[in-house]
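Below you will find the structure I want to go over with you.
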Amino acid sequence: MMISDFQAVRQNLFPASLGAIEDWETFPWHRDRTNRIQAYKVHSSQAIAIDVFGTLKTSTDRDRIFDAIAERVGVAPGGPWAVTLEWTDTDRLLGEPRPTQVDALAVGSAAVLVIECKFTEPGGQCSQTAVSRFGERQ
């Protein structure tokens, strides 16, 4: 990885989110077929996820904000909230053939928020689900 690649990514991210990435070399970046990191792009969903949830991860108001989000979506609030960017279910808790990967995982004392961000991509769906005979995902 060239230093200029990371510079391009840093320039595309919200400054307050930069501290959420602990190790830029090992972070699970979304890459294209040539192995180039895609978060430098203006309309990158990974970049927007890092901007929003990376900023919240490093915020002193993190617990208050995630409590409000939890209440809004109907789950129990209660920090402290721990935030992981680009979380992968390496234990395959759902028994899926491929591990689930989400943009952010927020774990509180009473609930877990699993977060997937879409910025400009159309739709978006879980690749783990099957298509029914009616063409619907199950």
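Where a number appears in this text, it was derived from the coordinates with a stated rule and is not lab data. In this text the structure is predicted, and so the values were computed from the model without any measurement. With ideal geometry, Cβ positions are generated from the backbone for all residues, glycine too; neighbour counts draw on all protein chains shown.
Full extension from Val75 to Leu18: what is 0.36 nm times the residue separation minus their Cα-Cα distance, to one decimal in nm?
On the way: separation 57, 0.36 × 57 = 20.52 nm, distance 2.87 nm.
Here the answer is 17.6 nm.
Pick out, in residue order, every one of the trypsin sites (Lys or Arg not before Pro) in the stretch 48-94 that is DSSP loop and has at most 13 other C-beta atoms within 10 Å; say none if there are none.
Loop-located and lightly packed - Arg92.
How high is the FRET efficiency between Arg36 and Val112 when r is their beta carbon distance and R₀ equals 25 Å, given to the nearest 0.05? Numbers along the way, then the final one.
On the way: r = 32 Å, r/R0 = 1.29.
Rounded to the nearest 0.05, the efficiency is 0.20.
Also: For the stretch 3-115, what is the Kirkwood hydrodynamic radius in Å, using each pair of distinct C-alpha atoms? Display every interim value, and only then the final one.
Details: mean 1/r = 0.0665 Å⁻¹.
About 15.0 Å, per the Kirkwood formula over Cα pairs.
Roughly speaking, what is the stretch gain from Asp5 to Arg98, that is 0.36 nm per residue apart minus the C-alpha to C-alpha distance, in nm to one decimal?
Taking 0.36 nm per residue and subtracting the Cα distance, the gain is 30.6 nm.
D for the stretch 4-51, whole µm²/s, Stokes-Einstein with Kirkwood Rh over alpha-carbon pairs at 20 °C and 1.002 mPa s: what number? Provide the component values of the computation, followed by the final result.
On the way: Rh = 10.8 Å.
It diffuses with D of about 199 µm²/s by this estimate.
Taking the Cα centre of the stretch 3-115 as origin, sum charge times position over the Cβ atoms of Lys and Arg (+1) and Asp and Glu (-1), and report the length of that vector in debye to the nearest 20.
It comes to approximately 300 debye.
As a footprinting exposure proxy, order Val73, Val9 by other Cβ within 10 Å, with the fewest listed first.
Val73, Val9
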